[in-house]
Amino acid sequence: MEHQETARILIAGTGPAGLVAALGFADAGFPVTLAGPRASVPDGRTTALMNPALKVLDRLGVLDDIRPEAAPLKIMRIVDATSRLIRSPVVTFRASEIGEELFGLNLPNSVLNPALVRRVAAHSGIEWRASMVKDWHLDADRARAVLADGSTAEARLAVAADGRLSPAREAAGISTAARSYPQAALVLNFRHSRDHAFTSTEFHTGTGPFTQVPLPGNRSSLVWVVKPETATELAALDDATLSLKVEQQMQSMLGRVMVEPGRQVYPLSAATPLRFARDRVALVGEAAHVFPPIGAQGLNLGIRDVDDLIGIATENRSDPGAAKALAAYDFKRRPDILARSSAVNLLNMSLLSEMLPAQVARGAGLGVLGGFAPLRAFFMREGLRPGSGFAALAGGLRKPARH
């Protein structure tokens, strides 16, 4: 029998957001049913997790497992590598400028995902059904799922962590505003002869960003956004030729480059649901937001979704899927998700735009950021923790002026 005072949570999806949600809800004392396969497709990508997300992973007991395989991010740079008439100066963000030792950690998904899986499998509060949800039945008082193996599961709240094409979102009748971009990302890891000094560099090019992020040792991960046909051509090159192209694109900044085996190409798109919860279903992770890989926002945003949802569910333990709880979640997540996705999409569009006003706006924005330390600090704080940039500004304004 289920406890009267604490309702069951049903989580659909076993990617990082779903696994973090399962652990977080179980640790908060909710009985959890997790639906989704245990074996995932090998993932060669890396994820840059910022400090607030790392704090959540630490609380869930996962951080110590992954830290040895991760590289700290201490400096982040933006370099205008477009050949446009109006180009921006290099902007450098240092964690030390805002009193932090590092912005976060970059780690391989092949380390993060298994660490989360091990933790979930060992948690006594999580019932893991290793089967996908086939059908949803959403009633006024509960969500019921029919799984592919024929079994059923029901709960007061269903957490949709089932990806960008989320069947749970569709079942709840939540429509999305979606667009695809004339871009694809080539993703790979590479070795280099020079030390990266824990610095990540995002080169802005005419087709999108070319982003190098440090890994342990003299290794880095790369996300190279180009036209889809270019991504296919690059992925088909032999190692020596591709290594040279990567080295040239980054102006030999890290010396000689040697690409490692395993390349993946991902088409780019953006999608924002018109609401983030409805009919007993709350959206987290890519079910709640999809946008281009700029500025390390994806999973960081997904972990904030989960954290906010658990906070609201804890205040509504007997019925966390009630309309008022879902309305509170929607209200809480909306500003953060819309601000992040709009900023990323605008920046991406400005890179693609041949129009002078877009170039001027981007150049002016980065120019001001590069030259004005207080604004740079504001953006760094805001990038790590939404609201903390404003809080620091307000704190500074409240200090009495010295005469």
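The values are calculated or read from the model by the stated rules, or taken from the named source; none is laboratory data. Fair warning: this is a prediction, and the values are worked out from it, not measured in the lab. Positions of Cβ are backbone-derived with ideal geometry, glycine not excepted, and every protein chain shown enters the neighbour counts.
Sub-6 Å Cβ pairs linking a first residue in region 90-107 that is more than 20 Å from T47 (Cα to Cα) to a second residue that is among the charged types (D, E, K, R), at least 6 apart or interchain, are T92/R77; I98/R381, ordered by first then second residue.
Listed here are the residues, each with its yes/no results for (1) under 24 Å from the mean Cα position of the chain (by Cα); (2) surrounded by 16 or more Cβ atoms within 10 Å (Cβ to Cβ); (3) of a type in the set (A, V, I, L, M).
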{"site": "I78", "(1), (2), (3)": "yes, yes, yes"}
{"site": "L116", "(1), (2), (3)": "yes, yes, yes"}
{"site": "W136", "(1), (2), (3)": "no, yes, no"}
{"site": "A143", "(1), (2), (3)": "no, yes, yes"}
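Those residues that are in a strand (DSSP E or B) and not aromatic (F, W, Y), I need them from region 197-214; list them, please. Answer for region 197-214, where residues must be in a strand (DSSP E or B) and not aromatic (F, W, Y): T199, S200, T201, E202, H204, T205, G208, P209, T211, Q212, V213, P214. Residues that are closer than 21 Å to D319 by Cα, of a type in the set (A, V, I, L, M, F, W, C), assigned by TED's automatic domain parsing to the domain that holds G15 and at pLDDT below 95 occur in region 139-151; there is at least one. One residue is enough: does region 227-234 have a residue meeting the conditions buried (at least 21 other Cβ atoms within 10 Å of the Cβ) and within 30 Å of A161 (Cβ to Cβ)? Yes, some residue in region 227-234 is buried (at least 21 other Cβ atoms within 10 Å of the Cβ) and within 30 Å of A161 (Cβ to Cβ). Counting only strands (runs of 3 or more DSSP E) that sit wholly inside region 111-165, those with at least 3 residues that are farther than 30 Å from A178 by Cβ are 126-129. The criterion of at least 3 residues that are under 30 Å from T6 (Cβ atoms) and of a type outside the set (F, W, Y) is met, among helices (runs of 4 or more DSSP H) falling completely within region 215-327, by 298-315. Would you confirm whether or not region 299-308 contains a residue that is modelled with pLDDT under 95, crowded, with 18+ Cβ neighbours inside 10 Å, of a type outside the set (D, E, K, R) and touching a strand residue (DSSP E or B) at 6+ places or on another chain (Cβ under 6 Å)? Yes, because at least one residue in region 299-308 is modelled with pLDDT under 95, crowded, with 18+ Cβ neighbours inside 10 Å, of a type outside the set (D, E, K, R) and touching a strand residue (DSSP E or B) at 6+ places or on another chain (Cβ under 6 Å).
Summed over region 177-194, residues that are under 15 Å from Q251 (Cα atoms) and either out of contact with any strand residue (DSSP E or B) (no Cβ under 8 Å at 6 or more places or on another chain) or outside any strand (DSSP E or B) (or both) total 2.
Restricting L244, L147, L188, L165 to residues that are crowded, with 20+ Cβ neighbours inside 10 Å and among the aliphatic types (A, V, I, L, M) narrows the list to L188. The requirement of being at pLDDT 90 or above, hydrophobic (A, V, I, L, M, F, W, C), surrounded by 21 or more Cβ atoms within 10 Å (Cβ to Cβ) and over 22 Å from the mean Cα position of the chain (by Cα) is satisfied by V257.
Taken over region 27-71, the criterion of being within 30 Å of E315 (Cβ to Cβ), part of a strand (DSSP E or B) and modelled with pLDDT of 95 or more is satisfied by V32, T33, L34, A35.
Of the set (1) in a strand (DSSP E or B); (2) touching a Phe, Trp or Tyr at 6+ places or on another chain (Cβ under 8 Å); (3) over 23 Å from V257 (Cα atoms), all apply to A168 but (1).
When region 72-99 is limited to residues that are part of a loop (DSSP other than H, G, I, E, B), in contact with a strand residue (DSSP E or B) (Cβ under 8 Å, 6 or more places away or on another chain) and basic (K, R), the one that is modelled with the lowest pLDDT turns out to be R87.
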